[in-house]
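The values are calculated or read from the model by the stated rules, or taken from the named source; none is laboratory data. Keep in mind that this is a model prediction, so the values were computed, not measured. Just so you know, the surface numbers come from the protein's heavy atoms only, side chains and all, with ligands and any DNA or RNA stripped out. Shrake-Rupley method; radii C 1.70, N 1.55, O 1.52, S 1.80 Å.
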Amino acid sequence: MTSHPEGSLFPQTTAIYRCSNTECQDQKDKEEAKRLKAQAEKEKADQKRDADKKQLREDKIIEAISKGLLKK
């Protein structure tokens, strides 16, 4: 498969190889699925952490405004 990634001057060719041994390929497929699942979970955790940080900052700002420390 040939693609032309954004920002790249030249096209890139990607080859996908599969094992001729069915057991080997099944194992590789399981490993890839496990890796993709872990990556998705990490991204979800990162998004939650970012949302929590944003909420904490907003809560601190609201608290400071209510105490009169910050002016609108």
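Non-local lysine pairs in the chain, meaning eight or more places apart or on different chains, with alpha-carbon distances under 17 Å, amount to 9.
Computing the accessible area with a 1.4 Å probe over protein heavy atoms, can you report the carbon and sulfur percentage for the chain?
Values: 3980 of 7230 Å².
Using a 1.4 Å probe with all protein chains present, the chain comes out at 55 percent carbon and sulfur.
In the chain, the longest principal axis of the Cα atoms and the axis of helix 22-66 are about 10 degrees apart.
With an 8 Å cut-off on Cα pairs and a minimum separation of 6 or more residues, tell me the relative contact order of the chain in percent. Walk me through the numbers before you get to the answer.
Working: 21 pairs, mean separation 8.8, N = 72.
RCO, the chain: 12 percent.
Ignoring ligands and nucleic acids, what accessible area does Lys60 show with a 1.4 Å probe (Å², nearest 10)? Near enough 130 Å² of accessible area.
For the chain, what does the alpha-carbon gyration tensor say about shape, rounded, prolate or oblate, given a ≥ b ≥ c as the root eigenvalues, a/c under 1.5 as rounded, and a/b over b/c as prolate? Provide the component values of the computation, followed by the final result.
Values: a/c = 11.77, a/b = 2.28, b/c = 5.16.
It comes out oblate by the Cα gyration axes.
Using a probe of 1.4 angstrom and keeping all protein chains present, the accessible surface of the chain works out to 100 square angstrom per residue.
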